[in-house]
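The values are calculated or read from the model by the stated rules, or taken from the named source; none is laboratory data. Quick caveat: nothing in here was measured; it's all calculated off a predicted structure. Quick reminder, even Gly has a Cβ in these numbers, built from the backbone with ideal geometry, and neighbours come from all protein chains shown.
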Amino acid sequence: MSAHNVTILLFHSAPIVRTVIREILEREGYVVRATGDLGIAVDMVRESPPDILLIDDYVGDINGHDAALYLHQKVPHMSVLMVAGLPRDQRIEAWTRDENIMIFPKPYGPDELVVKVREILEARKTQAGPRPGARARPGPHPSRDPRRQ
């Protein structure tokens, strides 16, 4: 999967952080859509499901873990990378046991972020079959399928 075919949804409350992370990832060829608003994030995943959700552990007053789980339910094939700056407490330990969310500790540098995204993409490649959620050509509607008559 080339970087040009990969879409990342960046969900972070700080505009300057969104800008910097977006620039780092776009420089690598990724398509990055960014927001700090959960409603907009939901619209974005409905419009065009991303390959990766990059989310902060807290987005304003929203718990990033809960938001990540909510968005992941809408796009089950989406990988989730949550950036966490909190100390390793029980909550973070529980989050790391959630198989759908990978924790990426703060602070990190641009190169570390790029390497982590590549690792996620490599792991996705090892999954068999076409990418889940990939848009296929719609077939006949079941009520119009001549084989069902």
Would you point out the residue of the stretch 97-149, among those that are hydrophobic (A, V, I, L, M, F, W, C) and over 13 Å from Leu54 (Cβ atoms), that is modelled with the lowest pLDDT? Ala136
(1) out of contact with any strand residue (DSSP E or B) (no Cβ under 8 Å at 6 or more places or on another chain); (2) within 21 Å of Pro110 (Cα to Cα) all hold for Arg33 apart from (1)
Counting only residues that are more than 20 Å from Tyr58 (Cβ to Cβ) and in contact with a Pro (Cβ under 6 Å, 6 or more places away or on another chain), which one in the stretch 1-34 is surrounded by the fewest Cβ atoms within 10 Å (Cβ to Cβ)? Thr7
Does the stretch 46-59 contain at least one residue that is within 29 Å of Lys125 (Cβ to Cβ), touching a His at 6+ places or on another chain (Cβ under 7 Å) and among the basic types (Lys, Arg)? no
Scanning the stretch 24-37 for residues that are touching a helix residue (DSSP H, G or I) at 6+ places or on another chain (Cβ under 6 Å) and either modelled with pLDDT under 95 or not small (Gly, Ala, Ser) (or both) gives Ile24, Glu28, Tyr30, Val32, Arg33, Thr35
Search the stretch 16-27 for residues that are closer than 10 Å to Leu54 by Cβ and pair each with any residue that is in a helix (DSSP H, G or I) when their beta-carbon atoms are under 8 Å apart and the residues are at least 6 apart or on different chains. Ile21/Leu113; Leu25/Leu113; Leu25/Val114; Leu25/Val117
